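Chemist: I'd like to ask you about the structure that follows.
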Amino acid sequence: DNPAPIGSRLELNDSGLVLNNPQGLELWRSNFVSGTIFNGLMNDDGNFQLLDQNSVSLWETFTHPTDTLVPNQVMELNGKLFSRRGEFNFSHGRFKLHLQEDGNLVLSLNLPSNYSYEPYYDTGTADANSQTNIDMKLIFDKSGFLYILKKSGEKFYITKPNETISTNDFYYKATINYDGVFTVSYYPKDLRKGQGWVTTKTIPENICLSSTFTDGE
């Protein structure tokens, strides 16, 4: 919500990443609890980590998602993705994906009114027993499968294995779009097989039919 203007600078120092505008005023920094940064590392799975001298991760992009997950990324209980405002406006938008503390994964409105809107999509994985929900996670695994992992080890698939194309040949992403639709898409690594993102899963399948809104936008 505080876009960096042209001429801004991103710097890595021993306290982390710092983004300053052209006048040197701080716009953002990577906050972590304690430690001193020794180096930054971009992993092959797309996770950028800030490491100490013992190669222990003090901060990483995978635990600070915005609107997208990629394979090998995990979203913990109470984690959220927020849509962007518009196609070219990357500030917080009107929709969110939320793995609630009750274990339910929902899509709902995200508006500054703080009104609690009913979700227009949910996985039905809520459990009244809060102990059952401990360690529940939303996982986008290396094979491109997206599922909720329960404490018991049970997997609730959001994209089923037989709907998935191998990540050996394709890049994958799961994004909550600015229109509130959550999509799983793939892109060929061999550009002779295509040069664009192809949507393989849309949640909900028809947002207009799934909507419970009775007024407003």
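The values are calculated or read from the model by the stated rules, or taken from the named source; none is laboratory data. Please read all numbers here as calculations on a predicted model, not as lab measurements. So basically every Cβ, Gly included, is an ideal-geometry build from the backbone, and we count neighbours across all protein chains shown. These area figures cover heavy atoms from the full protein model, side chains too; ligands, DNA and RNA do not enter into them. Shrake-Rupley method; radii C 1.70, N 1.55, O 1.52, S 1.80 Å.
Chemist: I need the full set of residues from segment 50-76 which are buried (at least 17 other Cβ atoms within 10 Å of the Cβ) and hydrophobic (A, V, I, L, M, F, W, C), in order please.
Modeler: LEU50, LEU51, LEU58, TRP59, PHE62, LEU69, VAL70, MET75 - these are the residues of segment 50-76 that are buried (at least 17 other Cβ atoms within 10 Å of the Cβ) and hydrophobic (A, V, I, L, M, F, W, C).
Chemist: Kindly indicate the residue of segment 34-87 that is among the aromatic types (Phe, Trp, Tyr) and in a strand (DSSP E or B) and also nearest to the chain's Cα centre (by Cα) among those meeting that condition. Talk me through it step by step, then tell me what you get.
Modeler: Quick first cut of segment 34-87, residues among the aromatic types (Phe, Trp, Tyr) only: 38, 48, 59, 62, 82.
Those still in the list that are in a strand (DSSP E or B) too: 48, 59, 82.
Values: PHE48: 14, TRP59: 16, PHE82: 8 Å.
Going through the qualifying residues, I end up with PHE82.
Chemist: Would a scan of segment 147-154 turn up a residue that is closer than 28 Å to LEU109 by Cβ, modelled with pLDDT of 85 or more, part of a strand (DSSP E or B) and open to solvent by 60 Å² or more (accessible area, probe 1.4 Å)? Give the derivation first.
Modeler: From segment 147-154, those closer than 28 Å to LEU109 by Cβ are 147-150; that's our starting set.
Remaining after also requiring modelled with pLDDT of 85 or more: 147-150.
Retained after the next criterion (residues that are part of a strand (DSSP E or B)): 147-149.
Pick out the ones that are also open to solvent by 60 Å² or more (accessible area, probe 1.4 Å) and you get none.
No, every residue in segment 147-154 fails to be closer than 28 Å to LEU109 by Cβ, modelled with pLDDT of 85 or more, part of a strand (DSSP E or B) and open to solvent by 60 Å² or more (accessible area, probe 1.4 Å).
Chemist: For the subset of segment 38-78 comprising residues that are over 14 Å from LYS173 (Cβ atoms) and of a type in the set (Asp, Glu), which member is modelled with the lowest pLDDT?
Modeler: Here the residue is ASP44.
Chemist: If you don't mind, there's one more thing I want to ask. So, of the residues in segment 1-37 that are surrounded by 15 or more Cβ atoms within 10 Å (Cβ to Cβ) and touching an Asp or Glu at 6+ places or on another chain (Cβ under 8 Å), which turns out to be modelled with the lowest pLDDT?
Modeler: Going through the qualifying residues, I end up with GLY35.
Chemist: Can you find, within segment 161-203, the residue that is surrounded by the fewest Cβ atoms within 10 Å (Cβ to Cβ) among those that are under 26 Å from PHE82 (Cβ atoms) and of a type in the set (Lys, Arg)?
Modeler: Once the filter is applied, the top-ranked residue is LYS201.
Chemist: Looking only at segment 160-174, count how many residues are part of a strand (DSSP E or B) and farther than 20 Å from GLN100 by Cβ. Please lay out each step first, then the result.
Modeler: Quick first cut of segment 160-174, residues part of a strand (DSSP E or B) only: 170-174.
With farther than 20 Å from GLN100 by Cβ added as a condition, the list becomes 170-173.
Residues flagged as part of a strand (DSSP E or B) and farther than 20 Å from GLN100 by Cβ within segment 160-174 amount to 4.
Chemist: Pick from segment 99-133 the residues that are among the charged types (D, E, K, R) and either in a loop (DSSP other than H, G, I, E, B) or open to solvent by less than 50 Å² (accessible area, probe 1.4 Å) (or both): which of them is modelled with the lowest pLDDT?
Modeler: Narrowing segment 99-133 to residues among the charged types (D, E, K, R): 101-102, 118, 122, 127.
Now restrict to residues that are either in a loop (DSSP other than H, G, I, E, B) or open to solvent by less than 50 Å² (accessible area, probe 1.4 Å) (or both): 101-102, 118, 127.
On the way: GLU101: 90, ASP102: 90, GLU118: 90, ASP127: 81.
Selected residue: ASP127.
Chemist: I've got another one for you. Between residues in segment 117-136 that are closer than 22 Å to ILE203 by Cα and residues that are open to solvent by 70 Å² or more (accessible area, probe 1.4 Å) and part of a loop (DSSP other than H, G, I, E, B), which pairs lie under 7 Å by C-beta distance while being six or more apart or on different chains?
Modeler: Here the result reads GLU118/THR212; TYR120/THR212; MET136/LYS151, each pair linking segment 117-136 to a residue that is open to solvent by 70 Å² or more (accessible area, probe 1.4 Å) and part of a loop (DSSP other than H, G, I, E, B).
Chemist: Give the residues of segment 27-63 that are among the acidic types (Asp, Glu) and either over 29 Å from GLY144 (Cα atoms) or in contact (Cβ under 8 Å) with a residue 40 or more places away in the chain (or both), sorted by residue number.
Modeler: ASP45, ASP52
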